[in-house]
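Data first, discussion second: the structure below is written as structure tokens.
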Amino acid sequence: MRKDFIFPSQKQRFADIHDVDALVHLVNGAYRGDGSREGWTTEADLLDGIRTHPEHMAKQIDSDQSVMVVHTEFDIISACVYLEDKESLLYLGMLTVRPDLQARGIGKQLLQTAEAYALFLGKQGIKMTVISLRNELIDWYMRHGYVPTGESEPFPVGQALGIPRLPLEFMVLEKKIG
């Protein structure tokens, strides 16, 4: 993917392989475990296990088809979003903000950066999947212009996303841009 994009904020940049450990710590801490309960985006009641591991994160950062955008506060990675080229759309995943920094507009800034990057790449829109039981998160995305497509996808059991405590599926959301 093109890395000559000019970020709208000096606090944002593309991740590199040296960021893997910090990103794994950020994502796992924000999605799972007791620390994730400080924020409103926790999945700790839905899934056990970790959200990502170093090998998976390194593969995402190293891919020619994707980028990881990081947001820093005082030179510490405090948020991130994964963006992957999917033909006419950009796939958005793993939008993560450190729990103690949530509700400060950082997630919204990362969404805006993702949309600017999609336009930069000439994409028609952004697609994402959200666990269908995450009503508060789905509502947040809808307030930012994302709409359910009516599609759903099975939750991948046995992969690195964690161990579901109950049957789960993904809802597909999309936003047209440009």
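Evaluation of Ser78 against the conditions (1) small (Gly, Ala, Ser); (2) surrounded by 15 or more Cβ atoms within 10 Å (Cβ to Cβ); (3) outside any strand (DSSP E or B) shows that the sole unmet condition is (3).
Per-residue answers, yes or no, for (1) surrounded by fewer than 17 Cβ atoms within 10 Å (Cβ to Cβ); (2) of a type in the set (Val, Ile, Thr):
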| position | (1), (2) |
| --- | --- |
| Glu38 | yes, no |
| Leu46 | no, no |
| Gly49 | yes, no |
| Thr52 | no, yes |
| Lys59 | yes, no |
| Asp62 | yes, no |
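State the number of residues belonging to the range 117-149 that are in contact with a strand residue (DSSP E or B) (Cβ under 8 Å, 6 or more places away or on another chain) and closer than 21 Å to Ile177 by Cα. Break it down stepwise before answering.
Here is the first cut: in the range 117-149, the residues in contact with a strand residue (DSSP E or B) (Cβ under 8 Å, 6 or more places away or on another chain) are 117-118, 121, 123-132, 137-138, 141-142, 144-149.
From what is left, the residues that are closer than 21 Å to Ile177 by Cα are 117-118, 121, 123-130, 137-138, 141-142, 144-149.
Within the range 117-149, residues that are in contact with a strand residue (DSSP E or B) (Cβ under 8 Å, 6 or more places away or on another chain) and closer than 21 Å to Ile177 by Cα number 21.
Quick grid of which residues meet (1) within 22 Å of Ile163 (Cα to Cα); (2) more than 14 Å from the chain's Cα centre (by Cα); (3) not in a helix (DSSP H, G or I):
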site	(1), (2), (3)
Phe7	no, yes, yes
Gln10	no, yes, yes
Asn28	yes, no, no
Val70	no, no, yes
Tyr82	yes, no, yes
Met94	yes, no, yes
Arg104	no, yes, yes
Leu110	no, no, no
Ala114	no, no, no
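Counting only residues that are aliphatic (A, V, I, L, M) and either over 16 Å from the mean Cα position of the chain (by Cα) or part of a strand (DSSP E or B) (or both), the range 43-68 holds 5 of them. Of the numbered criteria (1) over 29 Å from Asn135 (Cα atoms); (2) surrounded by 12 or more Cβ atoms within 10 Å (Cβ to Cβ); (3) out of contact with any Leu (no Cβ under 7 Å at 6 or more places or on another chain), the one Ala15 fails is (3). Among the residues of the range 73-83, the one identified as without any contact (Cβ under 8 Å) to a residue 24 or more places away in the chain and within 14 Å of Thr113 (Cα to Cα) is Tyr82. Scanning the range 102-111 for residues that are touching a residue at least 12 places away in the same chain (Cβ under 8 Å) and either among the small types (Gly, Ala, Ser) or in contact with a His (Cβ under 9 Å, 6 or more places away or on another chain) (or both) yields Ala103, Ile106, Gly107, Lys108, Gln109, Leu110, Leu111.
Yes or no, residue by residue, for (1) closer than 24 Å to Glu87 by Cα; (2) touching a residue at least 24 places away in the same chain (Cβ under 8 Å):
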site	(1), (2)
Phe5	yes, yes
Gln10	no, no
Arg32	no, yes
Gly35	no, yes
Pro54	no, yes
Val67	yes, yes
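Close contacts from the range 133-157, counting a first residue that is free of Cβ contacts under 8 Å to residues at least 24 places away in the same chain and a second that is of a type outside the set (A, V, I, L, M), with Cβ to Cβ under 7 Å and a gap of 6+ residues or different chains, come to Ser152/Ser132; Ser152/Glu169; Ser152/Phe170; Pro154/Glu169; Val157/Pro164.
The numbers here are math on the coordinates, done by the rules we state, and not lab data. Note that the coordinates shown come from a computational prediction; the quantities given were computed from them, not determined experimentally. Glycine gets a Cβ as well: all are built from the backbone with ideal geometry, and neighbour counts include every protein chain shown.
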